[in-house]
Each structure stands twice: as structure tokens, then as C-alpha cells.
Amino acid sequence: MPSVGPMEPLQAPINRFARALIVPRRLLALHPRKRGNAGDAAALAPAITLGVVAAFEGFVEEFVATGAMIRGLGLAQVAKAVGNLNNPDVAAFEKLVVGQLGVPASGIGSGFSVEYWRPPAPGATWWQPADLDWASAKQDAEAWMQVRHLLTHGLTSGWLAEHWPGPLKANARPASSVLRETQTGRHTLVIHGAITCARIYVETSRHLAALTAQHFGRNIDVDILPDFPLYKEQAYKKTPPPAPAEVGDIGEELTEEGEDAPPPQDAAAGP
């Protein structure tokens, strides 16, 4: 039986990121993706968005801390590097990778492209696939962090057309800039937006993680991060495999969750 060596330190936060993304990815496969009112399934879009952004934030903290220790920074420096993080987006991650981990800025964004859903104009129906380069992906990621903020603080619910308040910071990208505008001037998140948010945060993470590993001369696998396919047929067929389990942390997939007990009978009712 071959021996298993120690895990590459930079791989551990990637594995945990992949594990954290399993639930949002499986939620995507539950959406009916039919035209018209999605009913209760409309709640999947904000749930996916919140899950992806939360997973990204945890990944950034752990990945940067791990990279800083590999680089030889002391515990105090590592704590300072990640201790002041507050809802980091892609631009913040890039800044940390360059400033704290020493990755050359010149290579970041080179050859990067991510396919996303472009929201239709008010009154139009079809979402169109398009591509974002690195600069555009960073800008949209900032707006998606605003979406996360408004959802988390209950300023919007995310499952219907609503007014999405603007950001408090001057010159910050508003959440509405990445959402679908309705003919009434309100904006909706919908499943296409959630897919776009997930694709931006996952693909930019792959890019920065791979560049960091290359800079350190380390081998990592970023392909374990699940895809969030644009089209429903891919979402149903490409259910993600479980993320690699770490030693002492092996889960068990439930094959049967049981069923609801029958409601109690009304004591006043006759037999």
C-alpha cells in the first residue's frame, strides 16, 4: 500500500473552499430553470450567492495566512495581514497576494477570462452569455459583495424584484449594477445572477491561487473547486464530487434522510 505524504500546505485551504462550495453547487441543481415565476425556487438564488461569498471570504483568510507562513512571516505579521480583513472581495484578495505574498502584479489577469450571464435590458427576456476580463471581473465582484451585504443585513430578501440600496462608500459599485432591472426600476437577483456571482468568485480564486503556488514553486490542484455551469443541463449532469477529505475529517453521505411524521389528529374530531 503506497504511503501518503503530508499535504501541500497551500492545498488545505483550497480543499476547504471546495467543501464549502458543495452545498451552493448542489442548490443550483435544484432550480427548475423554467421561464416564468420560479415560486419558492426563487429563494435558491440568494442562498447560493450568500453561500459562495461566505466560502470565498473564509478561503481568502486561510489562504493568505498559509502563504504568509510559507513566506516566513512571523505570527504577529500573519495576524496583522488577515486580522483586519472585512468582507474581502477579489480586489482585496489580489492586493494581499501581491503585498503580503510577493506575487508579481504583472502576471495577474494575464489570459484570464470568465463566462457569465449578461442581464437583459428592461423589458427584454433573454440572458446572454458573455465574457469578463480580469478588470471587469474585479469590478463586478465588488458589486456582488454589495449584494451579499444587503442580503446579510436584511435590506433586501433577494427572491423577488426589490429596491437595492446604494453603497455607503463613495465610488463603490452598487449591487444594482450586476442585477436585472425591471420595467418598474426595481432589480432582481434570480438564478442567472447567482451563477454569475459564483463563477466570478470561483474562477478568480483559481487564478490567484495558481499564480501564488507558481510563485512559491508549489504544486496545487485548483480543479477540485466545483464548476457552476451556465446551462441547466450541465448543472444537472455535472454534480460535483465531494471535496477531498482530510485525515480525521471524513464525512458520510446520507442515503436516506427519513420522512415527515404524520400530523397529529385533532383530538376534537371523531374517529
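The values are calculated or read from the model by the stated rules, or taken from the named source; none is laboratory data. A quick note: this is a predicted structure, and the numbers were derived from the prediction, not measured. Please note: Cβ atoms are built from the backbone with ideal geometry, for glycine as well, and neighbour counts cover all protein chains shown. Accessible surface is based on the protein model in full, side chains and every heavy atom, while ligands, DNA and RNA are left aside. Shrake-Rupley method; radii C 1.70, N 1.55, O 1.52, S 1.80 Å.
Filtering region 80-104 to residues that are open to solvent by 60 Å² or more (accessible area, probe 1.4 Å) and assigned to a helix (DSSP H, G or I) leaves 80, 95. Figure legend. Inter-residue proximity from region 142-158: first residues within 24 Å of residue 93 (Cβ to Cβ), second residues of a type in the set (Lys, Arg) and open to solvent by 10 Å² or more (accessible area, probe 1.4 Å), beta-carbon distance below 8 Å, spacing 6+ or different chains. Indicated pairs: 142/173; 143/173; 146/173.
Taken as a whole, the condition of being closer than 19 Å to residue 200 by Cβ, touching a helix residue (DSSP H, G or I) at 6+ places or on another chain (Cβ under 8 Å) and aliphatic (A, V, I, L, M) applies to residue 60. Residues considered: 64, 103. Of these, the only one that is more than 21 Å from the chain's Cα centre (by Cα) and not acidic (Asp, Glu) is 103.
Out of 180, 148, 173, one residue alone is open to solvent by 20 Å² or more (accessible area, probe 1.4 Å), of a type in the set (Lys, Arg), more than 30 Å from residue 72 (Cα to Cα) and at pLDDT 95 or above. It is 148.
Here residue 244 fulfils each of the conditions (1) modelled with pLDDT under 95; (2) open to solvent by less than 50 Å² (accessible area, probe 1.4 Å); (3) under 18 Å from residue 22 (Cα atoms) apart from (2). Where residues in region 66-105 are small (Gly, Ala, Ser) and closer than 21 Å to residue 141 by Cβ, which of them is modelled with the lowest pLDDT? Filtering first and then ranking leaves 81. I'd like to check something: does region 29-38 contain any residue that is out of contact with any Asp or Glu (no Cβ under 6 Å at 6 or more places or on another chain), open to solvent by 30 Å² or more (accessible area, probe 1.4 Å) and closer than 18 Å to residue 142 by Cβ? No, region 29-38 contains no residue that is out of contact with any Asp or Glu (no Cβ under 6 Å at 6 or more places or on another chain), open to solvent by 30 Å² or more (accessible area, probe 1.4 Å) and closer than 18 Å to residue 142 by Cβ.
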